[in-house]
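Here is the structure we will look at.
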Amino acid sequence: MSNRVYEILFIADPNLGEEAVDTLTEQVQGFVEKDGGKVDKVEKWGKKRLAYEVQGHREGYYVLIVTESTGPLVKEVERKMKVTDGVIRYLTVRVDEELRKAERRKARRALADEKRKSRPGAAAPTSPQGVQS
C-alpha cells in the first residue's frame, strides 16, 4: 500500500505545561514512526481559545503533525490518541489529493503564462505614449 500525506491536528489539555505538551507531541510522533510512518513536519500553535467547550475546557494547546503513512497506520494512531491522557480532541485529514490538484493548477498556470509570453507582439513592451523604443 502506498504512503499518503495526512495532517493530524490534536488539542491537548490546557492544564498541561509546555513540557508536558512537548512530551505528548513526541508520544504521538512515536505512534506514527513506530509502525513505519514518516513525520514531515510538527507545528506547535500554542494555547488557543476553543469555539465551544470540549470536555469542560474552553482552551487547549493546538499541535499539527504532517505525516506520510498508510490508512491502517492512521487508524491505529487515532485509536491510540483516543485513549491517551491529555488529548481532548483530534482530527486527521488526508491532504495528498489537494496537494496534487494544486501542483496541476500551478503547472497549467505556468504553461498559460509561457503561451502568453511567446505570442507575437505581446513580448515587446511599449512606451507610455504608445511609441516603441
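The values are calculated or read from the model by the stated rules, or taken from the named source; none is laboratory data. A quick note: this is a predicted structure, and the numbers were derived from the prediction, not measured. No Cβ is skipped: glycine too gets one built from the backbone with ideal geometry, and neighbour counts run over all protein chains shown. Side chains are part of the model used for accessible areas, which takes the heavy atoms of the whole protein and leaves out ligands, DNA and RNA. Shrake-Rupley method; radii C 1.70, N 1.55, O 1.52, S 1.80 Å.
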Handout entry: Cα centroid separation, region 1-42 to region 49-69 (Å)
Key = 12 Å
Problem - From phi via Karplus (6.51, -1.76, 1.60), per-residue ³J(HN,Hα) for region 54-65 in Hz, x at Gly/Pro - result: 10, 6, x, 10, 9, 9, x, 8, 9, 9, 10, 10
Exercise for the section: Could you rank the peptides 93-103, 21-31 by their average count of other C-beta atoms within 10 Å per residue, with the highest value first? Expected result: 21-31, 93-103
Exercise for the section: Using a 1.4 Å probe over the heavy atoms of the protein chains, calculate the carbon and sulfur portion of the accessible area of the chain as a whole percent. Expected result: 49 percent
Exercise for the section: Measure off 7 Å from each Cα along the Cα-to-Cβ vector at Lys44 and Arg79, then give the distance between these two points in nanometres to one decimal. Expected result: 3.0 nm
Exercise for the section: State, to one decimal in nm, how far the label point of Arg4 lies from the label point of Val93, with both points 7 Å from Cα in the Cβ direction. Expected result: 1.5 nm
Handout entry: Lys pairs under 18 Å by Cα in region 6-124, provided they are eight or more residues apart or on distinct chains
Key = 7
Problem - the chain, relative contact order in percent, only Cα pairs under 8 angstrom and at least six apart counted - result: 34 percent
Problem - Solvent exposure of region 1-84 as accessible area per residue, Å², 1.4 Å probe - result: 57 Å²
Problem - Counted charge near Glu18, where neighbours are those whose Cβ lies closer than 10 Å (Asp, Glu -1; Lys, Arg +1) - result: 0
Completion exercise
Here, Ala110 and Glu59, labelled 7 Å along Cα→Cβ, have an inter-label distance in nm of 4.5 nm
Completion exercise
Rg/Rh of the chain (Cα atoms, Kirkwood Rh), to two decimals, equals 1.29
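How far, in nm, would the chain grow between Glu18 and Ala51 when pulled straight, counting 0.36 nm per residue and subtracting the alpha carbon separation?
Separation in residues times 0.36 nm, less the Cα-Cα distance, equals 9.7 nm.
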